[in-house]
Amino acid sequence: MQWPVLRRAFPWRTGLLLCSIPALALVALLAWFRWELPPLERYYLMAYRDSSKHAENPASTTQIEWLYKAASGRKSEPAIHQDVDSNGDGFLPIGLSSSARKGGWTQLVEMPVQRWKSVELASFLQEDFYDNRTFGEVIAEPVSFICVIPLLALYVVVMTRQELAAEWSRLYEAVYGDEFNFDWHAIWSQFKKQIRGWKHGLFAGAKASLSRRQLEPKEQPVAAAKQRSFHAEGDTPLRGEKPVVAAAAPVRPKRHTIFPGAAAIRNGDVPPKPWDESQWID
């Protein structure tokens, strides 16, 4: 396939739309960094990011170059928000404010690189320069703007879907030499069919799980009863049953006679012998 044919059939609208998403995101980030962020917050932003990132490690340190205001014959002092503005040169300008010049300060000076403990530096920058906002809260504003860009691109795709489909049809014909048939209705019907199947499977699984849960409590009393009967049959001293004592046979009292001799009754069950007068004792 020749290059002129591919160049004519290339989907330029689609390519431009895809390239516009990261380009617009970068433009939004740079615009916020240049015009929305105050000068000192912009100056210390990278140091704030590094210190916040390593603040969880107590032994970690972060490099920083402090910005001071200076004048001849005076001791330099750290610059604060009221001492700077964006009236300098360059893409990210920073310079002395009019109030600082009225106070006798003549220039801004970057001090030599110092290393501070990350946890201390992050806490100091957060309180003194970023209004007690964390690094995530500082960059939340540009990130929210960037998240809107893909939605705008999707809106453009919906509004120009016919033109985009025509571009891809021309590209398909140029590459394969065959007509490209793209039926939105067939694709949408297939998609709805898959969604209905997925919903049916989901509801069936939920119904089966609910049925199992309803059946489980009915089986538990039976199992508990079996378990209790099993323990009752076992030989354990904690059954709570009273021992069964075998009843002894009734003992009949033995009767004795006052008459001596062989005629005395030693056993109550034996019938007495007839008494004779010769057995009388004088």
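The values are calculated or read from the model by the stated rules, or taken from the named source; none is laboratory data. Everything numeric in this text was worked out from a predicted model, so none of it was measured. Here the Cβ positions follow ideal geometry from the backbone for every residue, glycine too, while neighbour counts run over all protein chains shown. Just the protein is used for accessible areas: all its heavy atoms, side chains included, with ligands, DNA and RNA removed. Shrake-Rupley method; radii C 1.70, N 1.55, O 1.52, S 1.80 Å.
Check whether at least one residue in region 42-49 is without any contact (Cβ under 8 Å) to a residue 24 or more places away in the chain and over 27 Å from residue 68 (Cβ atoms), and report yes or no. No, every residue in region 42-49 fails to be without any contact (Cβ under 8 Å) to a residue 24 or more places away in the chain and over 27 Å from residue 68 (Cβ atoms).
Restricting attention to region 125-162, the residues being more than 20 Å from residue 62 (Cβ to Cβ), touching a helix residue (DSSP H, G or I) at 6+ places or on another chain (Cβ under 7 Å) and open to solvent by 80 Å² or more (accessible area, probe 1.4 Å) number 1. Residue 55 satisfies every condition listed in (1) over 27 Å from residue 31 (Cα atoms); (2) open to solvent by less than 40 Å² (accessible area, probe 1.4 Å); (3) over 44 Å from the mean Cα position of the chain (by Cα) except (3). Of all residues in region 139-153, none are polar (S, T, N, Q) and either over 31 Å from the mean Cα position of the chain (by Cα) or assigned to a strand (DSSP E or B) (or both).
Residue-by-condition table, conditions (1) at pLDDT 85 or above; (2) open to solvent by less than 80 Å² (accessible area, probe 1.4 Å); (3) of a type outside the set (Asp, Glu); (4) under 44 Å from the mean Cα position of the chain (by Cα):
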residue: 177; (1), (2), (3), (4): no, yes, yes, no
residue: 208; (1), (2), (3), (4): no, yes, yes, yes
residue: 212; (1), (2), (3), (4): no, no, yes, yes
residue: 223; (1), (2), (3), (4): no, yes, yes, yes
residue: 237; (1), (2), (3), (4): no, no, yes, no
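Out of 72, 76, 86, one residue alone is over 30 Å from residue 166 (Cα atoms), touching a Lys or Arg at 6+ places or on another chain (Cβ under 9 Å) and free of Cβ contacts under 8 Å to residues at least 40 places away in the same chain. It is 76. In region 179-206, the residue that is modelled with the highest pLDDT out of those that are assigned to a helix (DSSP H, G or I) and under 26 Å from residue 9 (Cα atoms) is 185.
For residue 169, the conditions (1) open to solvent by less than 50 Å² (accessible area, probe 1.4 Å); (2) more than 30 Å from residue 16 (Cβ to Cβ); (3) of a type outside the set (Asp, Glu) are fulfilled apart from (2).
For region 4-31, a tally of residues being open to solvent by 80 Å² or more (accessible area, probe 1.4 Å), without any contact (Cβ under 8 Å) to a residue 24 or more places away in the chain and over 26 Å from residue 139 (Cβ atoms) returns 2. Only one of the listed residues (76, 72) is open to solvent by 70 Å² or more (accessible area, probe 1.4 Å) and hydroxyl-bearing (Ser, Thr, Tyr). That residue is 72.
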